[in-house]
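Asks: Once you've had a glance at the structure underneath, I'll fire off some questions.
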Amino acid sequence: LLKKEERIFGKREPWFLKRAEEIKISFNKKFLNDKNFYGWTEDWYRTFLPSTASKEDKEITLKRLHRYLRSQTANILALYSELVPVDKRKTVWRELIDDIVVVHGNHLNTGIIGTKYILDVLAENGEADLAFKLVTQATYPSWGYMMKEGATTLWERWESLAEEGMNSQNHIMLGTVDAWFYKYLVGIQVDPHFPGWRKIIIKPYPVKDLYFASASLETFRGLISSAWWQGVNSFLLQVSIPVNSQAEIRLPKMGLKNIVIEEGGDNIWQKGTLVYQKEGIGSVKENQDRIIIQIGSGDYQFKLKEE
């Protein structure tokens, strides 16, 4: 059955690619405005105004238009789905960062849909520190604000209980911050080309003002764990990979030059070369930001430092 599906979809791949491009063009024509960011249109707001609307109602709607024209969620979804034209990506990205940092003072302005992707988009585009700032924010609106107000579960909305009342005080829809801790902060990810944890990606995103992070995940193949410590000109990563699984370790270079990598106290990488083929360790290569190491199951301790 799988081979049959591969033959069918393989033959139709050009059609799907063509259709995806048509959707992308149509989406941008509708929602990407002349200021190079995604957001609500004036036409959208006019749909709320009946023809008999008073002058006061029109003025209120116009104020809402200028206040809410920017949309973190709209920009996030377009970036996450890779719908932004290449020549517009930089300006859309800067608009998103400006809205988070300047307009909203390092706060979220998202609901359940945008919140699901905002931390991922920030981390994957070099703004892990900003993502962590949102995660640890304690003023409204934030997860920390909920805790400060006495919440022991996630509310359905960001608002204080003292305002208009809360729809639900136990609503996991804003709980994707938990996934960000595992997937990005400590970096436990499944390789999409090898599902079922056959191959694991460990790609941590260390952030400023945090010197240690640790997490473990129980899977049907066994326990996966990742813990890191960052020091002055060094980064230590300790991982555990279950039997019958492989892993790709992606160590952050931390801006260091002349990098040396040790595993279990043994020097394995120096001057851009694998100098010791240690048991359990396969190939090692590097790109602009990370050192990539292929490993088998077992326990490992990698230390990245400057020579």
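The values are calculated or read from the model by the stated rules, or taken from the named source; none is laboratory data. Values in this document were obtained by computation on a predicted structure and should not be read as measured data. Every residue, glycine as well, gets a Cβ built from its backbone with ideal geometry; the counts of neighbours run over all protein chains shown. Accessible surface is based on the protein model in full, side chains and every heavy atom, while ligands, DNA and RNA are left aside. Shrake-Rupley method; radii C 1.70, N 1.55, O 1.52, S 1.80 Å.
Quick grid of which residues meet (1) open to solvent by 30 Å² or more (accessible area, probe 1.4 Å); (2) at pLDDT below 95; (3) at positive phi:
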residue	(1), (2), (3)
Gly222	no, no, yes
Gly231	yes, yes, no
Phe235	no, no, no
Ala247	no, no, no
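Asks: Please note which strands (runs of 3 or more DSSP E) are completely contained in the range 135-228 and include at least 2 residues that are out of contact with any helix residue (DSSP H, G or I) (no Cβ under 7 Å at 6 or more places or on another chain).
Replies: 199-202, 212-219
Asks: Got a number for residues in the range 128-156 being of a type in the set (D, E, K, R) and modelled with pLDDT under 90?
Replies: The initial filter retains those residues of the range 128-156 that are of a type in the set (D, E, K, R), namely 129, 133, 148-149, 156.
From what is left, the residues that are modelled with pLDDT under 90 are 149, 156.
Within the range 128-156, residues that are of a type in the set (D, E, K, R) and modelled with pLDDT under 90 number 2.
Asks: If only one of Lys257, Lys203 is modelled with pLDDT under 95 and under 25 Å from Asp129 (Cβ atoms), which one is it?
Replies: Numbers: Lys203 fails: modelled with pLDDT under 95.
Among Lys257, Lys203, only Lys257 is modelled with pLDDT under 95 and under 25 Å from Asp129 (Cβ atoms).
Asks: How many of the residues in the range 198-220 are touching a strand residue (DSSP E or B) at 6+ places or on another chain (Cβ under 6 Å) and open to solvent by 70 Å² or more (accessible area, probe 1.4 Å)?
Replies: 3
Asks: Name the residue, out of Tyr276, Tyr300, that is modelled with pLDDT under 95 and either among the aromatic types (Phe, Trp, Tyr) or open to solvent by less than 80 Å² (accessible area, probe 1.4 Å) (or both).
Replies: One residue alone meets the criteria, Tyr276.
Asks: How do the pairs read when you match residues in the range 21-36 that are open to solvent by 70 Å² or more (accessible area, probe 1.4 Å) with residues anywhere that are part of a helix (DSSP H, G or I), using Cβ under 7 Å and keeping only pairs 6 or more apart or on different chains?
Replies: Hits for this filter: Phe31/Ala74.
Asks: While we're on this one: Looking at the range 263-275, is at least one residue in contact (Cβ under 8 Å) with a residue 60 or more places away in the chain and not charged (D, E, K, R)? Give the steps one after another, and end with the answer.
Replies: If we filter the range 263-275 for residues that are in contact (Cβ under 8 Å) with a residue 60 or more places away in the chain, which is where we start, we get none.
No; the residues of the range 263-275 include none that is in contact (Cβ under 8 Å) with a residue 60 or more places away in the chain and not charged (D, E, K, R).
Asks: A follow-up question, please. Within the bounds of the range 162-172, is there any residue that is within 30 Å of Ile224 (Cα to Cα), in contact (Cβ under 8 Å) with a residue 40 or more places away in the chain and under 20 Å from the mean Cα position of the chain (by Cα)? Before you say what the answer is, go through the steps one by one.
Replies: Step one: filter the range 162-172 for residues within 30 Å of Ile224 (Cα to Cα), giving 170-172.
Keeping just the survivors that are in contact (Cβ under 8 Å) with a residue 40 or more places away in the chain gives none.
Checked the range 162-172: no residue is within 30 Å of Ile224 (Cα to Cα), in contact (Cβ under 8 Å) with a residue 40 or more places away in the chain and under 20 Å from the mean Cα position of the chain (by Cα).
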